[in-house]
Amino acid sequence: MASRYFSDKVVEWYQENHRKLPWRDTRDPYRIWLSEIILQQTRVAQGLPYYLRFVERYPTVNDLAAAREQDVLRLWQGLGYYTRARNMIKCARAVVATHGGSFPGALHELKKLPGIGEYTASAIASIAFEERVAVVDGNVYRVLARFFGIDQDISKLSVKRAFSQIANQLVTGNHPGIHNQAVMEFGALCCLPKAPRCHECVVSDKCFAMKSGRQAELPFKERKSVPRRRYFYYFVIVHKNRIAMKKRSGKDIWRNLYDFYLAETDRRQSVKVLLERDSMLKRITGSRARIEVSEMYRHTLSHQRILARFVTIHPLADKIGKIGDVRFFTRKGIDKLPKPVLINRYLTDRKIL
């Protein structure tokens, strides 16, 4: 009875209060998948314009599968967590190569695709194909923790499994996709993290947190460790109206995006010392270069805090020789490159873009 009560109440609330969003007007698994990937770690207000641009540029999974990675990363620029975009391309190509351009309709088959985990697979399976499986995201954790009074650490795998089991028991109706969207929307609009609207809540009479006054305590999650600090000194080399940029590689942040020649340190450092230590920079600066140092730029990622300075170098020599793995681009060429938000901020501040 509790399961039916909860689902009926929240679905009824959803029918009257949900936001009108384009991915809710379709059963197309491609568009549902696209929205779920974009909205991971992203607010709806921020993600919506990206979703619309992607649908316009790549209206089908076949179109996305045929796209160049650089073009997709450029369109993704500003959303962060760029692994999502790279996995999105891999997934689109796998759907075309393995499934003939149609997303598989079963949860276990969806989870085999690149970049699709339990959450995304459940969303596609339930919303597009009506498979009776629960979607569990941060909003769902919060709603269930408060309603049922679950005070265990949601960062632990065993606790996540327990939440998933409860969430699946609540999917009782004939339209699991509507139920899942209702619970997530209820968490996003009513059962808010810091200021829940308990006076508007349709299940408050049976909510543990409401009765016990523990809304602020639930869900429980142990504190995260202090973000790692990284000091970036970017050397922006400008020569003959072109700017040197390089493509990032390896397993660090922003892989396959473009930034400048970089020196990273574990603490604040003198620009003069950095220029003297680097033989290439020392060679191109010498006594014939104009140098400008920016103010400190701060950029926060999930587990890192980057403090960056941009050192603009205008070599006065006609020829400056090879500079590592950088390439020189015009302003128009730079605009087309996929770049981290930090780099884009600097370029915009300097009116280069």
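The values are calculated or read from the model by the stated rules, or taken from the named source; none is laboratory data. Here the structure is a predicted model, which means the values were calculated and not measured. Positions of Cβ are backbone-derived with ideal geometry, glycine not excepted, and every protein chain shown enters the neighbour counts.
Comparison of F103, F163, F186 shows that the only residue that is out of contact with any Lys or Arg (no Cβ under 8 Å at 6 or more places or on another chain), assigned to a helix (DSSP H, G or I) and either under 24 Å from T26 (Cβ atoms) or not assigned by TED's automatic domain parsing to the domain that holds A66 (or both) is F186.
The set of residues in the stretch 49-71 that are touching a Pro at 6+ places or on another chain (Cβ under 8 Å) and at pLDDT 95 or above comprises Y51, L52, V55.
Residue count for the stretch 145-167 under the criterion of being out of contact with any Leu (no Cβ under 8 Å at 6 or more places or on another chain) and either more than 17 Å from F186 (Cβ to Cβ) or without any contact (Cβ under 8 Å) to a residue 24 or more places away in the chain (or both): the result is 13. In the stretch 52-89, the residue that is farthest from I32 (Cα to Cα) out of those that are of a type in the set (F, W, Y) and in a helix (DSSP H, G or I) is W76.
The strands (runs of 3 or more DSSP E) found wholly in the stretch 193-310 and carrying at least 1 residues that are touching a residue at least 40 places away in the same chain (Cβ under 8 Å) and surrounded by 16 or more Cβ atoms within 10 Å (Cβ to Cβ) occupy 228-239, 242-247, 261-265, 297-300.
Can you find even one residue in the stretch 39-51 that is touching a residue at least 60 places away in the same chain (Cβ under 8 Å), in a helix (DSSP H, G or I), assigned by TED's automatic domain parsing to the domain that holds D205 and under 18 Å from Q181 (Cα atoms)? Yes, some residue in the stretch 39-51 is touching a residue at least 60 places away in the same chain (Cβ under 8 Å), in a helix (DSSP H, G or I), assigned by TED's automatic domain parsing to the domain that holds D205 and under 18 Å from Q181 (Cα atoms). The listed residues are H299, H314, and the only one of them that is under 25 Å from R230 (Cβ atoms), modelled with pLDDT of 90 or more and not assigned by TED's automatic domain parsing to the domain that holds E69 turns out to be H299.
Is it true that some residue in the stretch 330-348 is in the same structural domain as H239 (by TED's automatic domain parsing), surrounded by fewer than 16 Cβ atoms within 10 Å (Cβ to Cβ) and in contact with a Ser or Thr (Cβ under 9 Å, 6 or more places away or on another chain)? The answer is no; no qualifying residue exists. In the stretch 108-130, the residues that are within 15 Å of R84 (Cα to Cα) reach residues that are part of a helix (DSSP H, G or I) and acidic (D, E) with C-beta atoms within less than 6 angstrom, at least six apart or across chains, in these pairs: T120/E36. When S7 is tested against (1) farther than 26 Å from A94 by Cα; (2) of a type in the set (G, A, S); (3) in contact with a Pro (Cβ under 9 Å, 6 or more places away or on another chain), just one condition goes unmet, and that condition is (3). Quick check on my filter: what residues within the stretch 83-111 are over 19 Å from the mean Cα position of the chain (by Cα) and among the aliphatic types (A, V, I, L, M)? Across the stretch 83-111, the qualifying residues are A94, V95, V96, A97, A106, L107, L110.
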